[in-house]
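The values are calculated or read from the model by the stated rules, or taken from the named source; none is laboratory data. Quick caveat: nothing in here was measured; it's all calculated off a predicted structure. Here the Cβ positions follow ideal geometry from the backbone for every residue, glycine too, while neighbour counts run over all protein chains shown. When the accessible area is computed, the model is the full protein with side chains, heavy atoms only, and any ligands, DNA or RNA have been set aside. Shrake-Rupley method; radii C 1.70, N 1.55, O 1.52, S 1.80 Å.
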Amino acid sequence: MARTVFCEYEQRETEGLDFTPWPGETGKRVFAHIGKAAWAAWLAHQTMLINENRRSPMNPEHRAMLEREMLKFLFERNADKPAGYVPEG
């Protein structure tokens with residue numbers, strides 16, 4: 001049976017993640033309070049941040065920025081698109 005959580009991003013009961021997706025306390029918080037669909041939305045947003053801002057997840061400074069943005073996106077719902085971002089189409 002799938003694990004369920006009350007997803008703080010979607011504000012509803014939904015299927016939880018299968019594993020802790022980030023190290024440390026942040027990862028534990030995400031695992032306990034974020035569902036699979038919300039995590040997929042974050043991954044798409046993260047990809048945009050990495051590409052538009054030319055960030056590398058290997059760089060500790062960039063990784064810290066991504067963690068801050070992840071918390072804003074998933075829990076505060078106030079993450080901004082990168083400066084100069086223009087959607088395709």
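Diffusion coefficient of the chain by Stokes-Einstein, Kirkwood radius over Cα pairs, 10 °C, 1.306 mPa s: 116 µm²/s. Apolar share of the accessible surface for the chain: 52 percent from carbon plus sulfur atoms, 1.4 Å probe. Taking amide hydrogens as placed 1.01 Å from N in the peptide plane, the amide H of residue 7 sits under 5 Å from those of 12, 13, 14, each at least 5 positions away in sequence or on another chain. Excluding ligands, DNA and RNA, the accessible surface per residue across the chain is 66 Å² with a 1.4 Å probe.
With a simple spin-label model that places each label point 7 Å from the Cα along the Cα-to-Cβ direction, the separation between residue 54 and residue 10 comes to 3.7 nm.
Dividing the summed -39500 (n - 2.57) terms of all DSSP H runs of n ≥ 4 by the residue count of the chain sets its mean residue ellipticity at 222 nm at -14500 deg cm²/dmol. Relative to the dominant Cα principal axis of the chain, helix 24-33 is inclined by about 60°.
The label-point distance for residue 28 and residue 61, in a model that sets each label 7 Å from Cα toward Cβ, rounds to 3.0 nm.
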